[in-house]
Amino acid sequence: MAASIVEHGEDAFRKLFKFYKRRNPPPDFIDVVDFSKGLKNEKVVNAELSPTAISRNDAHIAGLQPVQEWKAFGLRGYPGFIFISNPFLPGSQQHWVKQCLKVDRAYLGEERTSDEEQRFRKAGTKTLLEKLRWVTLGYHYNWDTKTYSAEHYTPFPADLQTLSRYVAAACGFSAFTAEAGILNYYRSDSSLGIHVDESELDHTRPLLSFSFGQTAVFLLGGTKREDPGTAMFMHSGDIMVMSGPSRLLYHAVPCIVAAPTGALLPPPLLQGLDQSPLEDSQVHRVKEEDWEVCAKYIQTSRINMTVRQVLGLGQSFPPAETQRQTPSASGETYHEVDPEGGEDLNPKKRKNSTESW
Ligand SMILES: O=C(O)CCC(=O)C(=O)O
Ligand SMILES: [Fe+2]
């Protein structure tokens, strides 16, 4: 790898971003940390979890293996950053892919309203799913004002609430409440620009991130935009927790790693759940005809769900006019515009979206 991309300096992080975003020639990935290989990389250390924070039964209900079996890692130099290498039970990832994709009723073969039909036609040759870029959940995020809204709220999905609560508890955050979510939909040429997630009002709560489908390169930087960064793979089922000193670090997704032509789905997605999961299970078997559509989509795509607690204990939203951050007040845009082109999932291009689970 070119020495310049690991140098410390004014724009080391931007250089790293550009390096992995490059298509021609494609970057090599030898310096990308792969947590699925465990402690092989000297930067990777074991992370302590709270194995008794959730019972085996609770974990099972949320589609997770018992916490004792999770492989959780930290990264040298990034206190508070926890990477859990696919802790999902075999078969349960299909549920999450389907939940993230059911925003397009049309794919389920349901009748489209004439309005939907019109939007569908406008989408041209691409299906609505192919054009979908993001979805917000709970307290919906406003990309223009960079605030969450008390008024613009829909109940947070119960299954994702449970999953998030358990993952946070296992990581030592017993009082975490999922209040807002952003789902990002990446096609093979998508990227997400360098940003910090700072719009939540309580930064003592962790930020959780769940990935499904194709592998991405994720970049973790420092507290300053120009700080150097570390590249890591996020595979299907991997969970990332940004907490403590890592909660407000710059990060980005420069590229989706192309699967070899003709490759099957990522292995954890090949399997479905049994007909009859536990009665109170939060994850459900995906019907064959639904999975067919999901599988076709996820073969070339990645979905990431980030879950946030917006308010601290006893906190409430300030009046709208005092809450609005201007770029100069915050010093930062949320998802920056990428001057290099390509398809960046930044808010200015966030047209193809919806706001429901
Ligand atoms: O897709 C990812 O891994 C990161 C998403 C993210 O950073 C965000 O939604 O704020
Ligand atoms: Fe983010």
Please report the base-10 log of the normalised intensity I(q)/I(0) for the stretch 187-288, using a Debye sum with one equal scatterer per alpha carbon and no solvent, at each q in 0.14, 0.25 (1/Å). -0.71, -1.33
Filter the cross-link list K71/K287; K43/K71; K71/K296; K102/K131 down to pairs whose alpha-carbon distance in this structure exceeds 19 Å. K71/K287; K71/K296
Förster radius 22 Å - calculated FRET efficiency between Q315 and H152, Cβ distance, rounded to 0.05: 0.80
Applying the Karplus parametrisation 6.51 cos²θ - 1.76 cosθ + 1.60 with θ = phi - 60° to the phi angles of the stretch 247-256, what ³J(HN,Hα) value in whole Hz is obtained for each residue in order, glycine and proline being reported as x? 4, 10, 8, 5, 7, 6, 10, x, 7, 9
Phi-derived 3J(HN,Hα) across the stretch 286-291 with the Karplus relation (6.51, -1.76, 1.60, θ = phi - 60°), rounded Hz, x for Gly and Pro, is 8, 4, 3, 5, 6, 5
Highest first, please rank the peptides 48-58, 171-181 by the mean number of other Cβ atoms sitting within 10 Å of their residues. 171-181, 48-58
Output for the stretch 205-263: chymotrypsin sites (Phe, Trp or Tyr not before Pro) sitting in coil per DSSP, at most 10 other Cβ within 10 Å, listed by number, reads none
Let me see the pair-distance distribution of the stretch 202-246: every alpha carbon pair, 10 Å bin width, integer percents in order. 25, 47, 27, 1
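Rule-based calculations on the coordinates, nothing more; no lab input. None of these values were measured; they are calculated from a predicted model. Methodologically, a virtual Cβ is constructed for each residue, glycine included, from the backbone with ideal geometry; neighbour enumeration extends over all protein chains shown.
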